Each structure stands twice: as C-alpha cells, then as structure tokens.
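Asks: Let me begin by handing over the structure; questions about it come next.
Just so it is clear, none of the values below were taken in a lab; they were calculated from the coordinates. Please read all numbers here as calculations on a predicted model, not as lab measurements. Here Cβ is always computed from backbone atoms with ideal geometry, including for glycine, and neighbour counts include all displayed protein chains.
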C-alpha cells in the first residue's frame, strides 16, 4: 500500500503582477490540516493592517478547533458521541451546520456531512488507509443521511450511530469569515489562501486588475492548466489527486459517494467552482465531483440562484467550463492547444 498526498498551495499559482505601490502585509499559519496564508494590502495604515492579519491568523486557529470532528471536547465530537441525545452547540457551529445541510438538500445528498464514519473507515482521518469490505460499506452507507440531522436553534440532535464532519465546508466558511473581516477593516485588496483547495480574492489587485489564479492539472499536480481571473470572488477545487492512497494498483481518494460510502467514481478528475461565497465553492466542488459531468452541468443550469460557475476535468483529460466564465478563463502556457468545451 502506498500513500500519496499532494499539497499544492493555490497561492503559489496566483500570478501576481509587479508594480504595486504598497508592500503587502503577509502571514502564514497551519490550520485545518494545511498551510494557510493571507496577503493584505491596507494602503493607509500598515500597523493596523498587521493587527488585522494577526487577528485573521488567530481566527483560523480558533475555527480549526471549533469545527474539528476529531476526538476531543469540542461541539462536533460531543455531538458524535451523544448517542442520539440533543447537544447544545455554539452559534458558529449551528450557523455552519444549517448552511451545510441546505447544500446537502439542494444537491440531493451528493454532499452529505454525515459521511464521517465512512471517511474514518477508509483511514483518511488518521492516514492509516484500508479498503473496507462490501458488507462494511453497505452498513456504512445505510448510516449516511443528512436529513436525519435535527437542528433547532443551537440544539442539534444526531441519531445514535451517525457522525458529522464539516470538513467539506469548513475552509470555505473560514474564507468567508476572513473576507468579511477584511472588508470591515477597509482592506479593499487581499488574497486569502486557505490551502490545497480554497482561495478567496477580496477586491482585485492593487491598481484594479483582477487576481489571476491557476487551476491545478490533476494529471500533473505540480503545474496548472488554466487561469481564472478573480475579483471579490472565491474559488474551490475538489479532485482525486489531493488525498488518496493506492492498493493493488487501484487509487482510492477521499471524496466519497454517500450512496456507496466508497470513493466517488464519476468519471471526473477534478471540479473547480467559482462563486462569491467560498463556502459554496467548497461544498459544491465536492458535490459536483460526486455527480459527474452530465449531472453536474444540469445542476448548474437548474440553480442560477447559487451564483456559481464551474470547470470540470474528466479522467480522460477533457476540459469543460460553464459559459459564465467567458472572459475570466484562459488556458495556461503549455496547454494552449487543449480543447475546452463551453457548457451553456
């Protein structure tokens, strides 16, 4: 058995042009099992901008502890071992859970926050990987059901034997919190790299041009195949290349299909979602990966209220983007000859 884990900072793919009048205030921390970075342009008070940066980095650590499902005395571990009894959770956890369950419902369960026992069974929480038997997978799948979660204010009830993990939306939620903080402190230009899969652009670059952010090539994770221009937008990617292991020549990734409790085999290598909300990007990139290209494209057409665009990469290397990315999407150097199909 071989474990492989590709960690590629999206910030490293950001194509930052020179000539800015002000030096950025930057900071890095480790949270939610990855390296996260913030780059802020205050432009009027550098010391105050540093204070905002420090608050952001501290907030990321706080949210990491608050939203973790790992064993401990936090809200989610307490809920997961409550045996069907109601648990009072913090306002932040209740807020995120409400929004996550809404995405679960609108995606028809392609995103399901109650898949945590299956994620653990595959060994993705402790990085001690194994392939569960068909009988075990059937038992695990029977216990995945977001609709069984009851939320009344800050009281949450989870049926005995079920467990919740908010990992599919936690980084996006953190990105939205940080972006709101930046705007509240008159920071009109910032790039927030939430590590591996999520990036948030506050405004455009100093000078007004949009940020240019690369989309990782799932066949060559050390490079990017396309560039998306972002201004007051977030971008999130889910792909089989991000966390996986191999056994007997078969690759198993961490994105599970709630119907089977096994890695989603939808014919896709990655999905990138662009939206004003980082939480939406995170949740939908996972759901669309599970759906596959055809169902995912139909979902995009049927839900304009979600205000998102998407880029799909199939296992055979096909590239598909939604029409709303016109003028904001371009192929990267070395990929100019690749065909891109526009979904309308």
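Asks: Within the chain, what percent of beta bridges assigned by DSSP are antiparallel, to the nearest 5? Don't skip to the end; give the middle numbers.
Replies: Values: 60 of 64 bridges.
Roughly 95 percent of the beta bridges in the chain run antiparallel, per DSSP.
Asks: Could you work out the relative contact order of the range 129-233, using alpha carbon pairs under 8 angstrom and six or more residues apart, expressed as a whole percent? Intermediate values should be presented prior to the final figure.
Replies: Values: 110 pairs, mean separation 15.7, N = 105.
Rounded, it is 15 percent for the range 129-233.
Asks: Could I ask something else about it? When a/c is below 1.5 the answer is rounded, else prolate if a/b is larger than b/c, else oblate, so apply that to the range 70-161 with a ≥ b ≥ c taken from the square roots of the Cα gyration tensor eigenvalues.
Replies: Details: a/c = 1.89, a/b = 1.45, b/c = 1.31.
Prolate, since a/c reaches 1.5 and a/b exceeds b/c.
Asks: On to the next question. Using the count of nearby Cβ atoms within 10 Å as a rough guide to exposure, how do 52, 274, 151 rank from fewest to most? Don't skip to the answer; put the middle values down first.
Replies: Values: 52 23, 274 27, 151 16.
Ordered by Cβ neighbours within 10 Å, fewest first: 151, 52, 274.
Asks: Classify the range 91-224 as rounded, prolate or oblate, taking a ≥ b ≥ c as the square roots of the eigenvalues of its Cα gyration tensor: rounded when a/c is under 1.5, otherwise prolate if a/b is larger than b/c and oblate if not. Working shown, then result.
Replies: Numbers: a/c = 2.97, a/b = 1.52, b/c = 1.96.
Since a/c reaches 1.5 but b/c is at least a/b, the shape of the range 91-224 is classed as oblate.
Asks: Okay, moving on. Quick check for you: which residues of the range 303-344 have the amide N under 19 Å from the point 7 Å beyond the Cα of residue 294 toward its beta carbon?
Replies: Within reach of a label on residue 294, which here means backbone N under 19 Å from a point 7 Å along Cα→Cβ, the range 303-344 contributes 303, 312-322, 341-344.
Asks: Let a ≥ b ≥ c be the square roots of the eigenvalues of the Cα gyration tensor of the chain; is it rounded (a/c under 1.5), or, if not, prolate (a/b larger than b/c) or oblate? Before the final figure, lay out each step's value.
Replies: Numbers: a/c = 1.74, a/b = 1.22, b/c = 1.42.
It is oblate, given that a/c is not under 1.5 and a/b is not larger than b/c.
Asks: Here's a follow-up. Say each of residue 47 and residue 71 gets a label point 7 Å from the Cα, pointing the same way as Cα to Cβ; how far apart are those two points in nm?
Replies: Distance between label points: 4.8 nm.
Asks: Further, regarding this structure: What nm distance separates the two modelled labels at residue 246 and residue 78, each placed 7 Å from Cα along Cα→Cβ?
Replies: It works out to 4.4 nm between the two label points.
Asks: Using a simple spin-label model with points 7 Å from Cα along the Cα→Cβ vector, what separation in nm is obtained for residue 336 and residue 35?
Replies: Each label point lies 7 Å from its Cα, and together they span 3.1 nm.
Asks: Suppose only helical runs count, i.e. DSSP H with n ≥ 4. What mean residue ellipticity at 222 nm does that imply for the chain under -39500 (n - 2.57) per run, divided by all residues and rounded to the nearest 500 deg cm²/dmol?
Replies: Working: 8 runs with 101 residues, N = 344.
Counting only the DSSP helices, I get -9000 deg cm²/dmol.
Asks: With r defined as the distance between the Cβ atoms of residue 301 and residue 95 and R0 fixed at 35 Å, what FRET efficiency is calculated, to the nearest 0.05? Each step should come with its number before you reach the end.
Replies: Numbers: r = 29 Å, r/R0 = 0.83.
It comes to 0.75.
Asks: Could you put 225, 299 in order, starting from the residue whose Cβ has the fewest other Cβ atoms within 10 Å? Before the final figure, lay out each step's value.
Replies: Details: 225 23, 299 20.
In order of increasing Cβ crowding within 10 Å: 299, 225.
Asks: Report the residues of the range 288-327 in range of a label on residue 344: point 7 Å along Cα→C-beta, backbone N strictly under 14 Å from it.
Replies: Label zone hits: 321-326.
Asks: For Cα pairs less than 8 Å apart in space and 6+ apart in sequence, what is the mean separation divided by the residue count of the chain, i.e. the relative contact order in percent?
Replies: Numbers: 716 pairs, mean separation 65.0, N = 344.
Once normalised by length, the contact order is 19 percent.
Asks: What is the order of 56, 36, fewest Cβ neighbours within 10 Å to most? Mind dumping the intermediate values first?
Replies: Working: 56 24, 36 27.
Placing the least packed residue first, the sequence is 56, 36.
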